[in-house]
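K.L.:
Dropping a structure here in structure tokens format, bear with me for questions.
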Amino acid sequence: MKADKATQFLPAERDSYFKVIAQNKLLASHDMLNVISNSIPSLFLILNGRRQIVYMNSKIKDFIGNADFESVIGVRPGELIDCENAWLSDGGCGTNKICQLCGAAQSFVGAHKGVRTVNECRITSKKNGHGLDLKVTASPYHVDNEDFVIVVIEDISNMKRKQVMERLFFHDILNTAGGIYGLSDILRETTENETRDLSEMLFKQSLNLVEDIQLQRDLVQAENGELKVVNEPIHAFEFLESIAELYTFHTVAQKKRILVDPQTTRNYFLSDSGLLRRVIGNMVKNALEAIEPGSSVTLNASCENETILFNVQNQGFIPVNVQSEIFHRSFTTKGMGRGLGTFSIKLITEKYLGGQAFFKSSESQGTTFSVQLPMIPVAKPNQMMKN
């Protein structure tokens, strides 16, 4: 299928409302189609040649509630699900260049060519920011000299989340446990003078293991809406120093450096130190994985406009064509099943810490992941106790 001048990807033209209604009546007149489609436990749609919905089963209510027929007929799938990219171009769903990466659009293109096509896609709702992992199956369908496409959309968010969390958990736990095992083996053969340094390294690796386990627990609770926030005074510079010290002994930090900018603010502020440690720690691990041995990651924090801004910077570059996917659940450039790091950063920061998570990346400046939180100033802990 060729793109026309009015679009950056798929054609933008649509059939008139009256033609769409006629197509719907044609399909709805087939009793067997009604019986079969309503027995399918997933969203069942039929699209016309312009990718407009002309038929749907009763599962439509799970996606849009009790909306009336007129609000659904003639729209495109991304518009129905309220995809954040659906109206980036005036032509609607499928007409922006970013839609070339969409599994649903690719499935439609395959079916239009006469081939049953199955793809997965990640869609973020423009309305509430919630993400959906979907499996989209598109098949060609010919009725009374008209060509249509049958589309079955399955919500596989829970399955994908479970798969990714399991892989992430075992990956991180095995890495940290392997480091502890190696240090323990060396410790058996060391002299008394060497024992103290190795014991400290072993302690840090053990702490990393506990942090990895706690991260998985917090992420499960965060997605279930069960995570509890406990604010306490945090010294920004000391907080970043402790994270740098902790991850210096992590397996992803071998032959790499973690630096804390000396210009980092020394202010105290209120937040949940455990959750913030998970967020910044994930940013640090991601940055370390993105750089080559001999390179460094820099941490800093600054106060501005009643907020405190944490930055984790490295010299790696994220390709432009994948930047829009960064915070989606299960998306990763580090191999299958490694995508919950950035997803958890955004989830915990924005849903529980009341802040914002974002990033910028360029070939000249590298990549900086940032977390901006409300600056709730507080006195030093010992001053609070005196008062």
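K.L.:
Looking at 99, 93, 121, which is the one that is within 17 Å of the chain's Cα centre (by Cα), at pLDDT 90 or above and of a type in the set (A, V, I, L, M, F, W, C)?
P.N.:
So the residue among 99, 93, 121 that is within 17 Å of the chain's Cα centre (by Cα), at pLDDT 90 or above and of a type in the set (A, V, I, L, M, F, W, C) is 121.
K.L.:
While we're looking at this one, here's another question. Residue pairs, Cβ under 6 Å, 6 or more apart or interchain, first in the stretch 285-306 and free of Cβ contacts under 8 Å to residues at least 60 places away in the same chain and surrounded by 14 or more Cβ atoms within 10 Å (Cβ to Cβ), second assigned to a strand (DSSP E or B) and not polar (S, T, N, Q). List them.
P.N.:
Listed by first residue and then by second, the contacts come to 288/297; 296/257; 296/259; 297/258; 298/259; 299/260; 299/312; 302/309.
K.L.:
Does any residue of the stretch 181-201 turn out to be modelled with pLDDT under 75, closer than 27 Å to residue 371 by Cα and of a type in the set (A, V, I, L, M)?
P.N.:
No, because not a single residue in the stretch 181-201 is modelled with pLDDT under 75, closer than 27 Å to residue 371 by Cα and of a type in the set (A, V, I, L, M).
K.L.:
What number of residues in the stretch 110-124 are within 24 Å of residue 16 (Cα to Cα) and crowded, with 20+ Cβ neighbours inside 10 Å?
P.N.:
1
K.L.:
Could you tell me which of the residues 152, 164 is under 30 Å from residue 107 (Cα atoms), surrounded by 13 or more Cβ atoms within 10 Å (Cβ to Cβ) and at pLDDT 75 or above?
P.N.:
Unique residue meeting the criteria: 152.
The values are calculated or read from the model by the stated rules, or taken from the named source; none is laboratory data. Since the structure is predicted, the reported quantities are computational estimates derived from the model, not experimental observations. Positions of Cβ are backbone-derived with ideal geometry, glycine not excepted, and every protein chain shown enters the neighbour counts.
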